[in-house]
Amino acid sequence: MTLNEVSAAALAHALPWLMPPQGVIHIGIGAGTGPMQLWRHADVKKALLLDANLQQLQSITAKLQNYPEWQTYHVVLASEDGESLFHIANNTQESGLCAPVLFNNFWPNLVATDVQTLQTRSLDSFLQETDALARAYDWLCVDCLPALEILKGSQKLLDTINVIWVRAILQPDTALAEYGVEPLEDYLTKKGFKRILSVEENHPAFASVLFLRDWPAKLDDLNKICSSLITERVATIRLVEYREAQNEQLAEELSFQANIATERQQQIEQLAQDRDAKNKLAEERQAYINQLTGERDNQIQLAAERQQQIEQLAQDRDAKNKLVEERQAHINQLTGERDNQAQLASECQAQINQLSGERDQQAQLASERQQQLEQVAQDRDAKNKLAEERQAHINQLTGERDNQTQLASERQAQINQLSGERDQQAQLASERQQQIEQLAQDRDAKNKLAEERQAYINQLTGERDNQAQLASERQQQIQQLAQDRDVKAKLAEERQAHINQLTGERDNQTQLASERQAQINQLSGERDNQAQLASERQQQLEQLAQDRDAKNKLAEERQAHINQLTGERDNQTQLASERQQQIEQISHEHIQTLQQLEEKQQHLYRLEEENTSSHTRHEFLQEELLRAEAQIDLIKDLLLRDPAL
């Protein structure tokens, strides 16, 4: 036995004390002999003993009565679950998935006594099925061939294993290359293990190879991961601080925008109150206009009634005149002077008839214009009713627009709470400023309309006063005509009395001619008054036509305003829908970001714990290696001092 072989055997014996196993999984426990069985002399709490030979497993189970936490299982392990041929050799220690004929170069007498098709399992699936706690095991011993196939089926388990013993062929030929040390070393190096030593078995071609977790490389990897995580954590902290600063800034901007929105909302409410007051004043003035219009109509009706009285008096006067003419004809038969007076009276009567015809024409013209006034008044009332209906529609749309604006403002506040859409809040402030300007324009229009209606009220008041004055004048004319009628009746009686007195008729005829001349003058004055009244009513027609045009223009403007408010309501509805979608999207992104941050934080804590544990294990392994080196040096000194050696 060489010095290296002595050192390897000594280290193999010392390893269970240098690195005490917490739990051991031993595959191919066999008869319980060999360097891989040295762990059984240590204080091992948990052990999982697996073997494909049921007889050997039963014999070893009988020896484990003092170890209640050591469990035995009969199972055939491979790289994956399936079926495979199990070769039973005349040397039961060499039974397995490898055909015995492959090892005839080492044992010429080794042959297979039986071949069975058995169910194979991977070690990971077997542990999962038996509910074994894989983290409770840190040693793995594979005391059978092919070891590499079993290790390939132990991907999950290798993450928790620190010590691996495997059986391998030291210098295999080409047919047995996959059972050699090099494939095992290549595979386990990639898994983070390092080959430490090899202990030869009874046959020098076979050995138990020890692999330990390469803690320095693992520590370097962990340090790199920790550095990367620390960098990510610092970046995350900075990002969080930046986001918090942004949130504070956005909160300040949101508060400022909310104050501006509150102020402008107050301005809108104030303007709305002013508008309502103006509307109320306009309605009151409109009611006053309607009252004055009714009074004017009453005055016109009264004037028409008095005009009829005047015509009735004129007819009575004409009847009296006819009676006078008949009596005048009788007088003409009695005297020749009466003929001259009659001719003069006939000429005066012709003038009276002419003036009466003109008066009738003026009355007819006044009646036609009165009808035109009534038609225009009806048109005006219809326009007023249409304007009121459209005003009601405008008020309704304005209410809807206010509701839509309020909804957009609430959703805008949610958007500003979740994200930094400061520009949209400024846009909302601009829209409210436009609303303020629009309401101010409405208020100015209402003021202008109120002023126009006040002027119209003043005009109607003047017309009412004129009508009252005209009615007063016509009342005076009626009284005058009544007096004239009485005078005519008295004159007729006097003329009847003077028929017998022919001598005094000339003086009476002269007086009658003078009175008829006065009537002619009076009728001429009435004709002038009728002409003036027709002119005034023509002006009223023109004024009403202008009012009608103004109402039409106002109705068109209100219709345009209704269309504008309808478009704004649709825009507000669309904007509210888009902002609701933005709110949902930002909320989803925010939740995902928080989940990612929480996952990274948990991963960082877990890596820090693993790093601390790995560092502790590394320090402990370094101490144990130093102790092993000291023991090896001590063994060397003892061997060198022994004279027999």
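Summary table below
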{"quantity": "Exclusive hit being at pLDDT below 85, charged (D, E, K, R) and surrounded by fewer than 16 Cβ atoms within 10 Å (Cβ to Cβ), set 224, 278, 218", "calculated": "224"}
{"quantity": "Hits in segment 147-163 - residues which are open to solvent by less than 20 Å² (accessible area, probe 1.4 Å) and either closer than 21 Å to residue 97 by Cα or free of Cβ contacts under 8 Å to residues at least 24 places away in the same chain (or both)", "calculated": "147, 150, 151, 153, 154"}
{"quantity": "In segment 164-176, the residues that are open to solvent by 10 Å² or more (accessible area, probe 1.4 Å) and of a type in the set (A, V, I, L, M)", "calculated": "170, 175"}
{"quantity": "Residue among 315, 309 that is of a type in the set (S, T, N, Q) and surrounded by 14 or more Cβ atoms within 10 Å (Cβ to Cβ)", "calculated": "309"}
{"quantity": "Residues of segment 115-124 that turn out to be open to solvent by less than 80 Å² (accessible area, probe 1.4 Å) and either in contact (Cβ under 8 Å) with a residue 40 or more places away in the chain or under 17 Å from residue 178 (Cβ atoms) (or both), as a count", "calculated": "5"}
{"quantity": "Among residues of segment 452-468, those that are free of Cβ contacts under 8 Å to residues at least 40 places away in the same chain and either hydrophobic (A, V, I, L, M, F, W, C) or open to solvent by less than 60 Å² (accessible area, probe 1.4 Å) (or both), counted", "calculated": "2"}
{"quantity": "Near pairs, Cβ below 8 angstrom, 6+ apart or cross-chain, from segment 296-315 (in a helix (DSSP H, G or I)) to any residue that is open to solvent by 50 Å² or more (accessible area, probe 1.4 Å) and modelled with pLDDT under 85", "calculated": "296/464; 299/464; 306/475; 313/485"}
{"quantity": "Filter pass, residue 592 being at pLDDT 75 or above, assigned to a helix (DSSP H, G or I) and within 30 Å of residue 406 (Cβ to Cβ)", "calculated": "no"}
{"quantity": "Lone qualifier among 609, 568, 584 - being of a type outside the set (A, V, I, L, M, F, W, C), modelled with pLDDT of 70 or more and under 30 Å from residue 218 (Cβ atoms)", "calculated": "609"}
{"quantity": "Evaluation of residue 30 against (1) of a type outside the set (Val, Ile, Thr); (2) open to solvent by less than 20 Å² (accessible area, probe 1.4 Å); (3) part of a helix (DSSP H, G or I); (4) in contact with a helix residue (DSSP H, G or I) (Cβ under 9 Å, 6 or more places away or on another chain) (one fails), failing number", "calculated": "(3)"}
{"quantity": "Residue that is out of contact with any His (no Cβ under 9 Å at 6 or more places or on another chain) and at pLDDT 90 or above, where the choices are 186, 159, 124", "calculated": "186"}
{"quantity": "Whichever residue in segment 64-114 is open to solvent by 80 Å² or more (accessible area, probe 1.4 Å) and assigned to a helix (DSSP H, G or I) and, among such residues, is nearest to residue 129 (Cα to Cα)", "calculated": "93"}
{"quantity": "Residues that are of a type in the set (S, T, N, Q) and either in a helix (DSSP H, G or I) or more than 13 Å from residue 95 (Cβ to Cβ) (or both), drawn from segment 115-124", "calculated": "117, 119, 120, 122"}
{"quantity": "Single match in 497, 555, 545 (criterion: modelled with pLDDT under 75, farther than 19 Å from residue 383 by Cβ and either part of a helix (DSSP H, G or I) or under 60 Å from the mean Cα position of the chain (by Cα) (or both))", "calculated": "497"}
{"quantity": "Filter result (open to solvent by 20 Å² or more (accessible area, probe 1.4 Å) and assigned to a loop (DSSP other than H, G, I, E, B)) within segment 34-56", "calculated": "34, 43, 45, 52, 53"}
{"quantity": "Qualifying residue in segment 125-137 (condition: of a type in the set (D, E, K, R) and free of Cβ contacts under 8 Å to residues at least 12 places away in the same chain)", "calculated": "yes"}
{"quantity": "Residue check, residue 210 in a helix (DSSP H, G or I), at pLDDT 80 or above and not charged (D, E, K, R)", "calculated": "no"}
{"quantity": "Single condition residue 20 does not satisfy, out of (1) at pLDDT 80 or above; (2) open to solvent by less than 30 Å² (accessible area, probe 1.4 Å); (3) not charged (D, E, K, R)", "calculated": "(2)"}
{"quantity": "Qualifying residue in segment 469-482 (condition: under 30 Å from residue 283 (Cα atoms), open to solvent by 60 Å² or more (accessible area, probe 1.4 Å) and modelled with pLDDT of 75 or more)", "calculated": "yes"}
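Yes or no, residue by residue, for (1) at pLDDT below 70; (2) closer than 30 Å to residue 591 by Cα; (3) in a helix (DSSP H, G or I); (4) touching a Leu at 6+ places or on another chain (Cβ under 6 Å):
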position: 384; (1), (2), (3), (4): no, no, yes, no
position: 389; (1), (2), (3), (4): no, no, yes, no
position: 393; (1), (2), (3), (4): no, no, yes, no
position: 403; (1), (2), (3), (4): no, no, yes, no
position: 410; (1), (2), (3), (4): no, yes, yes, no
position: 425; (1), (2), (3), (4): yes, yes, yes, no
position: 436; (1), (2), (3), (4): no, no, yes, no
position: 446; (1), (2), (3), (4): no, no, yes, no
position: 449; (1), (2), (3), (4): no, no, yes, no
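So that you can scan it fast, the table gives a plain yes or no per residue for (1) open to solvent by less than 30 Å² (accessible area, probe 1.4 Å); (2) aromatic (Phe, Trp, Tyr); (3) at pLDDT 75 or above:
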| residue | (1), (2), (3) |
| --- | --- |
| 305 | no, no, yes |
| 320 | no, no, yes |
| 325 | no, no, yes |
| 328 | yes, no, no |
| 335 | no, no, no |
| 341 | no, no, no |
| 345 | yes, no, no |
| 349 | yes, no, no |
| 354 | no, no, no |
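The values are calculated or read from the model by the stated rules, or taken from the named source; none is laboratory data. Worth saying up front: this structure is predicted, and the values here are computed from it rather than measured. Cβ: placed from backbone, ideal geometry, glycine included. Neighbour counts: every protein chain shown. Just so you know, the surface numbers come from the protein's heavy atoms only, side chains and all, with ligands and any DNA or RNA stripped out. Shrake-Rupley method; radii C 1.70, N 1.55, O 1.52, S 1.80 Å.
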